[in-house]
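Let me begin by presenting the structure, written as C-alpha cells, before commenting on it.
Values quoted throughout were computed directly from the atomic coordinates according to the rules given, and no laboratory measurement underlies them. The model shown is predicted, which means the values in this text are computed figures rather than measured ones. Cβ placement follows ideal geometry from the backbone for every residue including glycine, while neighbour counts extend to all protein chains displayed.
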Amino acid sequence: MERNDLHNLERALGIQPPWAIKSLEINEQEKVFHVELEVEDKRRRFGLFDSTKKDSSDVSVPGRWRYMNIGTYSCLISAKVPKSAFSNDEFFTRELVSQPSFLGHPARHYSNFLRQQVAVAQIKGVDAGVIADLYSIGEATLKAIQDDLEKVPVHARALAYLPTEIDPVWERVLCDKLIVRTHILPLKFLLSKLKLAYAKATSVAERVGLMLELRQFFTENSAQLDAEIEQVCGITSAKLQQRARAVKSRQRLVLPALRSPVWLDLLSGRLTLNSQSIPLSLLVSRQRTAFVQGRSKEQKVQAIETIREYVRKNYRSLKPELVLLNRAMDIRQKSAVALPSEQHEVWQKILEDEGFVPSNHVAYRLLLAKLRAQVSRQPEAVIKLEAARRIREFLAHNQKSMRQEVGVLLKQVAVV
C-alpha cells in the first residue's frame with residue numbers, strides 16, 4: 001500500500017505523531033486489519049512514558065491490542081513499548097490512560113479505546129452480549145475488560161470512563177457545542193484559554209494539540225472532576241447518573257501496590273489497622289523498627305515488601321485490614337491534588353523564575369536553590385527533567401503544609 005494511503009488510514013484511526021504505520025496486513029477470510037506501528041521521531045518516544053527512567057538497556061516488549069472496527073473489519077494494533085513503563089500487577093494506571101487510544105497494557109489484548117467504550121456501555125446499561133457484538137470482541141476479551149474494571153479503585157473509577165483523545169467530545173467542548181459546568185477554578189481558567197486559542201487556530205495540528213491539553217488536564221485531575229467527566233461521557237440524566245454511581249461504588253478489595261503511600265502511613269503510625277491478627281501486629285511493629293533504622297532505600301523498601309507479602313499470602317483472613325487499607329487509599333487520593341507531570345513547562349518556569357510560585361517554606365526554598373544551581377552548571381534536558389521531578393515530588397508529599405503554593409501552581413498551569 002502506498003504511503004499516502006497509509007497516511008489516510010492513520011488519520012482515520014486517529015494515529016498521531018510520533019506514531020506511524022509501519023506495515024498493514026489484511027486478512028480477508030477473518031476480516032481483520034492488522035496494523036503494525038513504529039515510532040518515527042525517537043526524541044518523542046512514548047509520550048508520557050518519557051517520564052519513566054530508562055536507559056539504553058531498557059527492554060521493549062511487544063503488544064497487540066484490539067482497537068476499533070473499520071466497516072465490517074476489526075482492527076488489531078501491534079507495537080513495541082518499554083517494559084519499564086508498566087507494572088506487572090496493575091493493568092489500569094493514570095499513565096496508561098494518558099497514552100493514545102490505540103495502545104494498551106502489553107499483558108492485555110484490548111486497547112484504551114475499547115476499555116473506555118465498554119466501561120461507558122456498562123454504565124448506560126448495555127447488555128454484555130450487545131457490547132460483544134457491537135465491537136466484534138470475544139467473550140474472553142470482554143470478561144478481561146470487565147474484571148479489570150472491577151479491580152479499579154473507587155477513587156480512579158471516573159478515570160476509567162474518560163473519553164479517549166480521538167473522541168469528538170473534546171472538539172465539541174472547545175467549540176462550545178457542549179458546555180461543561182464546573183466549580184473547579186483551574187478548569188474554568190483552562191477552558192477560557194483553550195477555547196480562545198481554538199477559535200484562532202489555523203491548522204489541524206494546533207487544534208489537536210489543544211484538545212490533547214484539555215484531556216490531559218482531565219486525566220491528571222480525575223479525582224476532582226467526577227461530575228465533569230460524567231458530562232463529557234454524556235451521563236447527564238438523573239437515571240444514568242444514579243446508575244454510574246452504583247457501578248463506581250462496586251469495588252473488589254485490592255492489595256495496595258508496593259509504592260503506595262498507605263504503607264508509609266502504616267509504618268509511620270499515621271494509619272492504624274487495629275488488627276485482631278497478633279502475627280500481623282507483631283510483624284508491623286518489627287518492620288516499623290526496621291524501616292526507621294534502615295540506612296538505605298533498599299532496606300526501607302524491604303520493610304514495606306515484607307508486610308505487603310504477608311498480607312498477600314493471608315488475605316483471606318485479613319479482609320478487615322484490607323478494607324481499611326483500601327479506604328485509606330481512597331481518602332488519600334480524594335484529598336490529594338493531582339499535579340501536572342514533570343514534563344509540563346510549569347516546572348521549568350519555577351526553576352527559571354523565583355517569583356513564579358512564591359513560598360516561605362524553608363525546605364522548599366533550599367531545594368529550589370540547590371536544583372537551580374545544578375541546572376545552571378549542567379543545563380542538559382535530563383538534568384532539567386530530574387529537577388522538575390524532584391520539585392513535583394516535594395510538593396506532592398507536602399500538600400497539606402503547602403496548600404497556598406499548590407493553589408498558585410494550579411492557577412499558573414491553567415494560564416501557561
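Over region 169-232, what per residue volume does the convex hull of the Cα atoms give, in whole Å³?
Numbers: hull volume 4.4 nm³, N = 64.
Dividing the Cα hull volume of region 169-232 by its residues yields 69 Å³.
Please label the shape of region 261-335 as rounded, prolate or oblate, based on the square roots a ≥ b ≥ c of the eigenvalues of the alpha-carbon gyration tensor (a/c under 1.5 means rounded; beyond that, a/b larger than b/c means prolate, else oblate).
On the way: a/c = 1.82, a/b = 1.21, b/c = 1.50.
Oblate, because a/c is 1.5 or more while a/b does not exceed b/c.
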Potential lengthening between A201 and Q241 on full extension [0.36 nm per residue; Cα-Cα distance subtracted]: 10.9 nm
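Which order do the peptides 305-312, 24-31 take when ranked by the mean count of other beta-carbon atoms within 10 Å per residue, highest first?
Answer by packing, highest mean first, reads 305-312, 24-31.
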Label-point separation, I179 to K22 (7 Å along Cα→Cβ), nm: 4.9
Inter-centroid distance (Cα atoms) of region 150-221 relative to region 83-148, Å: 21
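Efficiency by 1/(1 + (r/R0)^6): what FRET value for L282 and K370, r their Cβ-Cβ distance, R0 = 56 Å, to the nearest 0.05? Numbers along the way, then the final one.
On the way: r = 41 Å, r/R0 = 0.73.
Taking R0 as 56 Å, the efficiency between L282 and K370 is 0.85.
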Along region 142-158, what does the Karplus equation 6.51 cos²θ - 1.76 cosθ + 1.60 (θ = phi - 60°) give for ³J(HN,Hα), rounded to whole Hz, x for Gly and Pro? 4, 5, 4, 5, 4, 5, 5, 5, 5, 7, 5, x, 4, 5, 9, 4, 4
Taking every DSSP beta bridge that has both residues in the chain, what percent is antiparallel when rounded to the nearest 5? 75
Burial-style ranking of 154-163, 353-362, average other-beta-carbon count within 10 Å with highest first, yields 154-163, 353-362
Which residue, chosen from S203, V346, G63, occupies the Cα position most advanced towards the positive end of the dipole of the chain, where the dipole is computed from +1 (Lys, Arg) and -1 (Asp, Glu) charges on Cβ about the Cα centre? V346
Computed on Cα atoms, the radius of gyration and Dmax of region 125-219 in angstrom are 16.8, 47
The local net charge around R286, scoring Lys/Arg +1 and Asp/Glu -1 for residues other than R286 whose Cβ lies under 15 Å from its Cβ, equals +1
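Taking neighbour counts of Cβ atoms within 10 Å as a proxy for exposure, in what order, fewest first, do K400, K411, K300 appear? All intermediate terms of the calculation are to be shown ahead of the outcome.
On the way: K400 9, K411 14, K300 18.
So the ranking, lowest neighbour count to highest, is K400, K411, K300.
Based on the alpha-carbon gyration tensor of region 67-171 and its eigenvalue square roots a ≥ b ≥ c, which shape applies: rounded if a/c is under 1.5, prolate if not and a/b is larger than b/c, or oblate? Can you show the working numbers first?
Numbers: a/c = 1.34, a/b = 1.18, b/c = 1.14.
Here region 67-171 falls in the rounded category.
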Quick one: which of K151/K297; K239/K319; K193/K400; K177/K200; K83/K300; K297/K411 span more than 23 angstrom between C-alpha atoms? K151/K297; K239/K319; K193/K400; K83/K300; K297/K411
Need one number: nm distance between label points at R327 and A290, each 7 Å from Cα along Cα→Cβ, rounded to one decimal. 2.8
Give me, ordered by chain and number, the residues 5 or more places off Y110 or on other chains with an amide H under 5 Å from its own placed amide H. R66
